[in-house]
Amino acid sequence: MELEVRKSGSLASIKQGEQDGILVTHVSGKYVEAALAGRLFSVANQAAVTTTAALATTWTGLGVCNPTGSGKNLIIHEFGWALSVVGPDDGIVGLMSSDDTGFAAALTAKAAMNGRGASVARCDDGATIATPILERVCGTIGTGATTVQISVPQSIYQIAGSIILPPGRSIMTYTTTATTAAAVFFFLWEEVSI
């Protein structure tokens, strides 16, 4: 059997099975094409962070910013969070958006294909931002006494491309209550030329 690689939009031959069905082979995961093409990136806090409560303009957590003039759209695929210690209070975890005001490159985005090119995104764990808007409620965080075992796994929220950041926009973590240095977050996104 020959492996035939085609460019996007080109025609490929179709292989039929013995019972006249079309044979299709799934190469691997849903993001492999974007990863191999150097379009898939991620960022995560490198240590547990504190978060600010609600829609604060002096924000902390994790955020991804698509700077004005980048020439790319950032297609957000996944958002995840976990607590490294017991949370200080029960609350909601979500995503809020704003413009690109105040973002620095405090954290480095990593290409999904190790050693590949750099992201256009600016990733930060705290900034003074323009007034944000709550976009999504993704899950909860909770508390428990030190004698109570909390068996909540890491939460991964599948955005699946339903949030797209054009140049000049950002997406950030949202928590209803301020947390101590307990939360670790991540984002996975694809960068597509405009």
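Read-outs: derived from the displayed coordinates by stated rules, not from any lab. Quantities reported herein were computed from a predicted structural model and do not represent experimental measurements. Neighbour counts are summed over all protein chains in view; Cβ atoms, including those assigned to glycine, are modelled from backbone coordinates with ideal geometry.
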Fill in the blank from the handout: Put in order of increasing Cβ neighbours within 10 Å, starting from the fewest, R116, R39 give R116, R39
Practice task
Could I have the simple spin-label model distance between A104 and A44, label points 7 Å from Cα toward Cβ, reported in nm to one decimal?
Solution key: 2.4
Exercise for the section: Please give the FRET efficiency for A130 paired with E33, using the beta carbon to beta carbon distance and R0 = 45 Å, rounded to the nearest 0.05. Expected result: 0.85
Practice task
Run the numbers on the stretch 40-193 and let me know its relative contact order in percent, using alpha-carbon pairs under 8 Å that are six or more apart.
Solution key: 50
Practice task
Provide the gained length on full extension for the span D89 to T180, in nm with one decimal, where the gain is 0.36 nm per separating residue minus the Cα-Cα distance.
Solution key: 31.8 nm
Exercise for the section: Sticking with the crude label model, points 7 Å out along Cα→Cβ, report the distance from I22 to L55 in nm, one decimal please. Expected result: 4.6
Practice task
Could you tell me which of S162, Q46, A112 has its Cα farthest along the dipole of the stretch 40-193 towards the positive end, charges placed at Cβ (Lys, Arg +1; Asp, Glu -1), taken about the Cα centre?
Solution key: A112
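Shape call for the stretch 40-193 from the C-alpha gyration tensor, a ≥ b ≥ c root eigenvalues: rounded (a/c under 1.5), prolate (a/b greater than b/c) or oblate?
Details: a/c = 1.98, a/b = 1.57, b/c = 1.26.
Because a/c hits 1.5 or more and a/b exceeds b/c, the stretch 40-193 counts as prolate.
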